[in-house]
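**Student:** Structure provided below as structure tokens; questions to follow.
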Amino acid sequence: RAYYELHIEQGPILEAENTSIGVVTGGQGAYWTHITLHGQGSHAGTTPMHFRKDPIMGASRIIMGLREIVLKQPGAVGTVGRLETKPASINSIPGQVFFTVDTRHPNEEILANINLDLKNLVNSICSEEGLENEFSIIWEAPTINFHEECVTKVRNAAESLGYSHRDIVSGAGHDACQMSHIAPTGMIFIPCEGGLSHDEAENTTPEQVAAGADVLLNSILASANH
């Protein structure tokens, strides 16, 4: 019994390296964090800069600091996907800013340290800017390691069929990540043009799909005959 999944990479690595097959070894862990900064709303024209408690300035510094934190850890990514100000007025200093942070890394300990560094950064910048904050991790996903034998079968299939290949960690969640809890699991990535996914410009060539299907079939046969 085993589960195999074929999927586009949803990223640019395979295409950039001109590699046909990604041998997926597992999935990154992830944290989703909600951060709210509370300052003092005021008039944009009448409040001198040094009198302000401006949460958008604090948020800007935190977002730039997040980039520095993740760049120190190879393989880490950090994303601010939502940012909202209240009131959303062109001539008002916002009294409140809310934003989200998505952080990911293949190593759970490193990921936890990234988020600890982020929390410390938020507290430090808020202290400097005269702000209060709410910091809440709303969702965590553990790192996933796919079954060693299944990973080896995918790698061997790509090798025997003559396709260029490399090991790769999935940055996104997939069915295979969930199935790995109940069955030996392997996964195959194929390139996608420009690394685009969930976009109308997403594209993979018939030749790339055929290569992935070849590796998928041979991986399944190897498991069935084991």
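The values are calculated or read from the model by the stated rules, or taken from the named source; none is laboratory data. Since the structure is predicted, the reported quantities are computational estimates derived from the model, not experimental observations. Note that we place each Cβ from the backbone using ideal geometry, even for glycine, and neighbour counts take in every protein chain shown.
**Student:** Inspect all residues belonging to segment 6-21 and state whether any of them is surrounded by 20 or more Cβ atoms within 10 Å (Cβ to Cβ), hydroxyl-bearing (Ser, Thr, Tyr) and within 23 Å of Pro184 (Cβ to Cβ).
**Tutor:** no
Quick grid of which residues meet (1) in the same structural domain as Val151 (by TED's automatic domain parsing); (2) in contact with a Phe, Trp or Tyr (Cβ under 6 Å, 6 or more places away or on another chain); (3) not in a helix (DSSP H, G or I):
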| residue | (1), (2), (3) |
| --- | --- |
| Ile69 | no, no, no |
| Glu84 | no, yes, yes |
| Val97 | no, no, yes |
| Asp117 | no, no, no |
| Ile125 | no, no, no |
| Asn133 | no, no, yes |
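Residue by residue, here is whether (1) over 27 Å from Ala112 (Cα atoms); (2) within 24 Å of the chain's Cα centre (by Cα); (3) touching a residue at least 60 places away in the same chain (Cβ under 8 Å); (4) not assigned by TED's automatic domain parsing to the domain that holds Ile21 holds:
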| site | (1), (2), (3), (4) |
| --- | --- |
| Gly162 | yes, no, no, no |
| Val169 | no, yes, yes, no |
| Ala172 | no, yes, yes, no |
| Gly194 | yes, yes, yes, no |
| Asp199 | yes, yes, no, no |
| Ala210 | yes, no, no, no |
| Val215 | yes, no, yes, no |
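**Student:** Taking into account only those residues within segment 114-151 that are without any contact (Cβ under 8 Å) to a residue 40 or more places away in the chain and among the hydroxyl-bearing types (Ser, Thr, Tyr), which is nearest to Ala224 (Cα to Cα)?
**Tutor:** Looking at residues that are without any contact (Cβ under 8 Å) to a residue 40 or more places away in the chain and among the hydroxyl-bearing types (Ser, Thr, Tyr), I get Ser124.
**Student:** Can you pull out the residues in segment 163-203 that are crowded, with 18+ Cβ neighbours inside 10 Å, modelled with pLDDT under 95 and within 13 Å of Leu6 (Cα to Cα)?
**Tutor:** Ser170, His174, Ala176, Cys177
Each row is one residue, and each column tells you yes or no for (1) free of Cβ contacts under 8 Å to residues at least 40 places away in the same chain; (2) surrounded by 21 or more Cβ atoms within 10 Å (Cβ to Cβ); (3) not assigned by TED's automatic domain parsing to the domain that holds Thr100.
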| residue | (1), (2), (3) |
| --- | --- |
| Thr36 | no, no, no |
| Gly39 | no, yes, no |
| Pro48 | yes, no, no |
| Met57 | no, no, no |
